[in-house]
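Scroll down for the structure; my scribbles are underneath it.
The values are calculated or read from the model by the stated rules, or taken from the named source; none is laboratory data. What you see is a predicted model, and the numbers here were worked out from it, not measured in a lab. Cβ sites come from the backbone with ideal geometry, for glycine too, and all protein chains shown count toward neighbours.
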Amino acid sequence: MLNAAPKALVDAPYMLSTLEDLENLSLKDIKRELDYYSANPNYLKLLAEYENELVGVIDFRNGNKEKIAHQGSFAMTVLPQYRNHGVGRALVDSLISWAWNNETIEKICLEVMEDNHGAIQLYKSMNFVEEGRKAKAVKMEGRYQDLILMALFV
């Protein structure tokens, strides 16, 4: 995971993380995060591999208070050379299947940049619906992007 993270940010204008965000990330940090996910039955981290190489990651966290525990959101990363080959769809499908079998989770949420047309199309094809927008939520190179809020009830 530590080796794949910088590769995922190559040609990734829609990722909120930057290479600078990863500079201080250590193996100990990754282990701590994995332990945290393992300890919570309503958190999920899935890895996609191809020929022993990590090519994609999706992680989901539910709300941390009783009134919002039924819903949560996910983030997903796929290495550039594996985009548009079904990796993202497989990861989201796996998340949805897991959520259907989780007694707590009823709603899967996400945020996607308005210009990320491929991701928006993927999510719509999987029955996610737009719930709203965060206007000018992202600023890159002096230009703003709205974040589209989407959700799927399971």
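At-a-glance table
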| read-out | value |
| --- | --- |
| Selection from the stretch 103-120 of residues that are over 15 Å from the mean Cα position of the chain (by Cα) and either at pLDDT 95 or above or buried (at least 20 other Cβ atoms within 10 Å of the Cβ) (or both) | Glu103, Thr104, Ile105, Glu106, Glu114 |
| Any hit, the stretch 129-144, residues being outside any loop (DSSP other than H, G, I, E, B), modelled with pLDDT of 95 or more, within 29 Å of Ile30 (Cα to Cα) and within 15 Å of the chain's Cα centre (by Cα) | no |
